[in-house]
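Here is the structure we will look at.
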Amino acid sequence: MELSEDAEEILEVLWTNSKRDGDLGSTLESIGQDRNDEAIKELIEYTLIKLSQNHVLLTSKGLSEAKTVIRRHRLAERLLVDVLEIEDVLVEDVACKFEHLIREGVEDNICILLGHPRVCPHGSPIPKGKCCLKRYDKASRIVVTLSQMESNQEGRIAYIHTKGSERLQKLMAMGITPGMQIHVIQRFLSYVFQIGHTQIAVDEEIAKEIFIIRTSS
C-alpha cells in the first residue's frame, strides 16, 4: 500500500486527535477536509478510515497505519536533531518531508541506529516497532545510553529521558545537558564521566536515562 503524502498527513492528524480526544473522532471541518477530497477517498478506498455523517474515524487497519506514519515522523525528527543537527526551527518542516521517504524496514534501521529512542525531541512518545520489542541491535548504533558506553569512550549528550521534571532539573544543574561533550572514566560501582573540567558520578538507573551520540569507539 503506497499512500500519498496528503493521505499520510491526514492519518497523522487523526492519530494525534484520537490520543487527545479518545474515540470521539474528528470532523471533516476540524481537519480541513471535505468528503470529496482525493486524500479522503484514498483513505476510504484502503479502508483506513470510515465516515459517520461528518465524523472521521480510524479503522483498526487505519490505526495501525497511522501509528507507523507517526513513528516515522518522530524518528525522522530524532535523526535530524541528534545526528544531522538541524536547527529547531527547521526540524518540523524537514521531518514532514523526510518521513515520506522512509519506507517499511528503513525506520527500524534508523531506530536501531538511534538506540531505540522513546521520545521525539518535543517529548512525544515514539511508538515502538518490532526492533524495539525484540531489541534488535544488528546495526551499529549511533545513539546509546550512558550505561552502554565503555570506559574511555567519548560522546555528546543527545537527550535525556527521565522520570519527572525534578530529576531532569537536577541533572541539568549538574551540567548534564544536550550538546555537552562527555568522556567516560569508569563504569564499576557508579558511572563516572567528565564534562569539561567536572567529574560526575551517577548510578545505573540514571545512566540508562542519558542518551549519548558516540564520537569514539
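Coordinate-derived values only; no laboratory data. Since the model is a prediction, treat every value here as computed from it, not as a measurement. Cβ atoms come from the backbone with ideal geometry, glycine included; neighbour counts cover every protein chain shown.
In this structure, the amide hydrogen of Ile185, modeled 1.01 Å from its nitrogen in the peptide plane, lies closer than 5 angstrom to those of Asn152, Val192, Phe193, Gln194, counting only residues at least 5 positions away or on a different chain.
Ordered by the number of other Cβ atoms lying within 10 Å of each residue's own Cβ, fewest first, Thr68, Thr177 fall into the sequence Thr177, Thr68.
Whole-Hz Karplus values for region 32-48 come out as x, 10, 10, 4, 9, 5, 4, 5, 5, 4, 4, 5, 5, 4, 8, 6, 8 Hz, taken residue by residue from phi with 6.51 cos²θ - 1.76 cosθ + 1.60 and θ = phi - 60°; glycine and proline positions read x. For Thr27, the residues whose modelled amide H falls within less than 5 Å of its own, excluding neighbours fewer than 5 places apart on the same chain, are Val56.
For region 143-214, the dipole from Cβ point charges (+1 on Lys and Arg, -1 on Asp and Glu) about the Cα centre works out to 120 debye, to the nearest 20. Relative to the current alpha-carbon distance between Ala173 and Lys134, full extension at 0.36 nm per residue lengthens the span by 10.5 nm.
Between Asn54 and Gln181, the contour length at 0.36 nm per residue exceeds the alpha carbon distance by 40.4 nm. FRET efficiency for the Ile31 to Val119 pair, using the beta carbon distance and R₀ = 25 Å, is estimated at 0.50. In straight-distance terms, cross-link reach from Lys170 covers every one of the lysines whose alpha-carbon lies under 24 Å from its own, apart from those fewer than eight places away in the same chain; here that gives Lys208. Rounded to the nearest 20 debye, the dipole size of region 5-58 about its Cα centre is 340 debye, using +1 on the Cβ of Lys and Arg and -1 on the Cβ of Asp and Glu. Sorted ascending by nearby beta carbons within 10 Å, beginning with the fewest, Cys111, Cys132 become Cys132, Cys111. Karplus-derived 3J(HN,Hα) values for region 189-198, using 6.51 cos²θ - 1.76 cosθ + 1.60 with θ = phi - 60°, are 6, 9, 8, 10, 9, 10, 10, x, 9, 10 Hz; glycine and proline are entered as x. Excluding same-chain neighbours fewer than eight residues apart, the lysines reachable from Lys41 by a Cα-Cα span under 16 Å are Lys50, Lys61. Backbone phi angles across region 150-159, fed through the Karplus curve with coefficients 6.51, -1.76 and 1.60 (θ = phi - 60°), yield HN-Hα couplings of 9, 4, 6, 7, 10, x, 10, 5, 7, 6 Hz in residue order; Gly and Pro are listed as x.
Proximity of backbone amide H atoms, modeled 1.01 Å from N, is registered between Thr145 and Ile212 at under 5 Å, excluding neighbours fewer than 5 places apart on the same chain.
Shape of region 143-214 from its Cα gyration tensor (a ≥ b ≥ c, root eigenvalues): rounded if a/c is under 1.5, otherwise prolate when a/b > b/c, or oblate? Judged from the Cα gyration tensor, region 143-214 comes out rounded (a/c under 1.5).
Put in order of Cβ neighbour count within 10 Å, fewest first, the listed residues Asp203, Asp37 become Asp203, Asp37.
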